[in-house]
Amino acid sequence: MSWLSRLLILLLVIVIAGCARDPVVVVSPAPGELRLWQDGTIFEAVHSLLAGARRLVWVEMYEFDRPDLAADLESARARGAEVRLIVDPSVSVSVRTARRLAGLGLAVRYYPLDDRRHQIDHVKLLLTETEAVAGGMNWGRHSERNHDYALEIRPPPLLARLGAVFEQDWSLAGGVPAPLAAVFGEVAQTAPGDEIRRELETTLQSVRRLVAAEVFVLTDPDVIAGLAAAARRGAAVRVLLDAGQDVNRPAYSLLTVAGVAVRWYRAPPGAKLHAKAGLFDGRLVVGSANWSLSGLSVNHELDLVTTDPGVTAAFKARFDSDWDRS
């Protein structure tokens with residue numbers, strides 16, 4: 001069955017959390033140029049893209065510890081696709097996967113980190129000749145347990161920009177820095193530049209009606225101040241945070257005092273809220289960057305920005321479900 005057929009027959013899925021409360025609504029991706037995938041279903045999109053690739057498979061992944069996806073890369077190379085992999089050398093499981101694949105002849109490079117700044121390469125990107133998947137989901141052994149988002153992307157201009165980001169990183173990992181000029185658009189990165197920070201801060205300054213955010217780590221003072229300011233202007237601001245991250249507690253307290261509605265995400269046992277996503281009126285920002293100094297100013301990160309009505313409606317439906325059960 002083709003990937004398109006699989007997507008077209010997907011229906012609204014109800015996933016029961018690991019507690020006897022209301023069900024978690026997982027909204028299926030709708031056909032179109034962009035599709036929002038959630039939680040473990042993200043790997044359906046990943047497998048589909050890898051199975052369909054014939055000419056090109058480029059992967060940049062912070063945590064890579066899934067033998068099934070490593071096997072998919074091997075199969076793509078056996079079909080004649082150009083397969084390239086960039087990993088973060090500070091993640092031992094990623095290094096182990098990369099070394100094994102390199103030993104099989106796949107092209108592998110390690111992102112050069114700035115250890116003085118405690119930098120990581122936090123990007124999660126899969127790019128083929130026709131589509132891409134990018135977001136917050138690692139390829140870890142147990143990542144599918146977590147609540148996260150990723151976008152499946154087809155528009156050629158976005159694929160071109162994602163390809164340029166990957167080529168930038170591949171060149172840097174090969175010892176030839178060639179940073180892209182900063183842009184303010186639908187693909188945003190951190191280090192080089194601060195495109196994600198600019199996107200968040202600019203959007204927070206202009207939002208008037210609604211902010212709905214699900215964030216793994218929220219510690220950046222400028223973003224916290226921007227959320228509070230949006231609430232003071234009359235926007236309905238709601239924030240869900242991961243309860244397992246103690247660093248979120250100051251933000252929880254500050255935002256509560258400022259009149260922002262904040263709740264702890266109720267994750268099933270063994271899972272976490274790993275998303276980094278926010279809906280601002282009709283504009284969704286989603287990707288790898290935590291809303292922290294590291295995520296917005298130090299690490300190499302990749303976010304997507306969209307106003308696609310189907311995508312924003314899917315996110316809003318899932319957020320409302322998460323809010324009601326937290």
- Could you state the principal axis extents of the C-alpha atoms in the range 214-326, from the largest down, to the nearest angstrom? 34, 34, 31
- Query: Among residues other than ILE42 whose Cβ falls under 10 Å from its Cβ, what is the net charge (Lys/Arg +1, Asp/Glu -1)?
  - Reply: -4
- Task: Name the helices (complete DSSP H segments) of the chain with a Cα length along the long axis of 18 Å or more and a Kyte-Doolittle mean of at least 0.0, or state none.
- Result: 156-173
- When the convex hull of the C-alpha atoms of the range 189-270 is computed, what volume per residue in Å³ does it have? 99 Å³
- Query: How large, in percent, is the carbon and sulfur part of the accessible surface of the chain at a probe radius of 1.4 Å?
  - Reply: 56 percent
- Message: About the Cα centre, and with charges only on the beta carbon of Lys, Arg (+1) and Asp, Glu (-1), how big is the dipole of the chain? Nearest 20 debye, please.
- Response: 380 debye
- Note on the structure: Per residue, accessible area of the range 115-219 with a 1.4 Å probe, heavy atoms of protein chains only, in Å², comes to 39 Å²
- Taking the alpha-carbon set of the range 122-248, what are its Rg and Dmax in Å? 16.7, 49
- Message: Calculate log10 I(q)/I(0) of the range 260-308 for q = 0.18, 0.25, 0.29 Å⁻¹, where I(q) comes from the Debye formula with a single equal point scatterer on each Cα and nothing for solvent.
- Response: -0.74, -1.04, -1.07
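Do you know the relative contact order of the chain, to the nearest whole percent, from alpha carbon pairs under 8 angstrom that are 6+ apart? All intermediate terms of the calculation are to be shown ahead of the outcome.
Working: 712 pairs, mean separation 63.7, N = 326.
Contact order relative to length: 20 percent.
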- Query: Given the C-alpha centroids of the range 99-145 and the range 186-239, what is the distance between them in whole angstrom?
  - Reply: 26 Å
- Hydrodynamic radius by Kirkwood for the range 227-281, inverse mean 1/r across distinct Cα pairs, in Å, is 12.1 Å
- Task: Please give the net charge around GLY287, taking every other residue with its beta carbon less than 9 angstrom from that of GLY287, where Lys and Arg add +1 and Asp and Glu add -1.
- Result: 0
- Taking H as built 1.01 Å from N, whose amide H comes closer than 5 Å to the amide H of VAL57, not counting residues under 5 places away? GLU82, VAL83, ARG84
- Stokes-Einstein D for the range 28-147 (37 °C, 0.692 mPa s, Kirkwood Rh from Cα pairs), in µm²/s, comes to 224 µm²/s
- Two-decimal log10 I(q)/I(0) for the chain, as the Debye equation yields it once each C-alpha is a single scatterer, q = 0.14 Å⁻¹: -1.10
- Message: If you take every residue apart from THR190 with its C-beta less than 9 Å away from the C-beta of THR190, what net charge results, scoring Lys and Arg +1 and Asp and Glu -1?
- Response: -3
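The values are calculated or read from the model by the stated rules, or taken from the named source; none is laboratory data. Computed from a predicted model, the values in this text were never measured in an experiment. Cβ sites come from the backbone with ideal geometry, for glycine too, and all protein chains shown count toward neighbours. Ligands, DNA and RNA are stripped out before the accessible areas are found, and what is left, the full protein with its side chains, is counted by its heavy atoms. Shrake-Rupley method; radii C 1.70, N 1.55, O 1.52, S 1.80 Å.
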